[in-house]
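A short worksheet on the structure shown next.
Read the figures in this text as sums done on the coordinates, not as results from a lab. Nothing here was measured: the structure is a model prediction, and the numbers come from that model. Don't worry about glycine lacking a Cβ; one is built from the backbone with ideal geometry, like all the others, and counts go over all protein chains shown.
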């Protein structure tokens with residue numbers, strides 16, 4: 001039963017990788033300045049597809065053992081996964097409204113504090129560096145723009 005689940009998941013990964021690769025070919029692969037918008041997704045999908053294929057081969061070749069572990073994690077782990085997925089959906093919803101810095105600070109702070117169970121100072125420092133630090137690095141060093149807040153008073157103070 002577990003072996004079949006891993007094989008199905010691996011084949012699903014291969015199909016997903018092929019779909020991403022096909023979609024990335026519609027984008028420009030290489031430009032005069034270097035890699036285009038289709039380059040990165042194509043490379044990542046290729047790696048993902050190869051790894052999924054390796055998982056399928058390993059699972060197929062491996063002998064089944066009588067006391068295999070369950071495929072799905074326990075209920076506490078499933079709850080943590082659900083919290084992370086819902087949080088990521090919240091990040092997507094809030095990104096345009098609150099901007100990158102504030103959204104990522106809230107996201108990192110809540111996940112690290114409540115799921116990671118870290119001290120307040122440690123959580124605050126990681127959240128600040130993960131939001132403001134990354135925003136600064138991408139904006140000033142790499143010259144890439146991350147979303148800023150669409151709320152006027154937050155945009156006025158640089159968020």
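Points worth noting:
- The chain, relative contact order in percent, only Cα pairs under 8 angstrom and at least six apart counted: 20
- Span per principal axis, largest first, for the Cα atoms of the chain (Å): 61, 48, 23
- Using the Cβ-Cβ distance between residue 141 and residue 91 with R0 set to 25 Å, the FRET efficiency works out to roughly 0.65.
- Each part gets one Cα centre, and for region 24-47 versus region 109-159 those centres are 28 Å apart.
- Once the C-beta distance of residue 47 and residue 8 is scaled by a Förster radius of 25 Å, the resulting FRET efficiency is 0.75 to the nearest 0.05.
- With the cut-off at under 16 Å, measuring from each backbone N in region 1-33 to a point 7 Å along the Cα-to-Cβ line of residue 64 picks out 1-9.
- Equivalent ellipsoid semi-axes, region 2-61, via Cα gyration tensor eigenvalues times 5, rooted, Å: 29, 10, 5
- From its DSSP helices (H runs of at least four residues, each -39,500 (n - 2.57)), the chain gives a residue-normalised ellipticity at 222 nm of -21000 deg cm²/dmol.
- The convex hull of the Cα atoms of region 89-159, projected and averaged over all directions, covers 5.0 nm².
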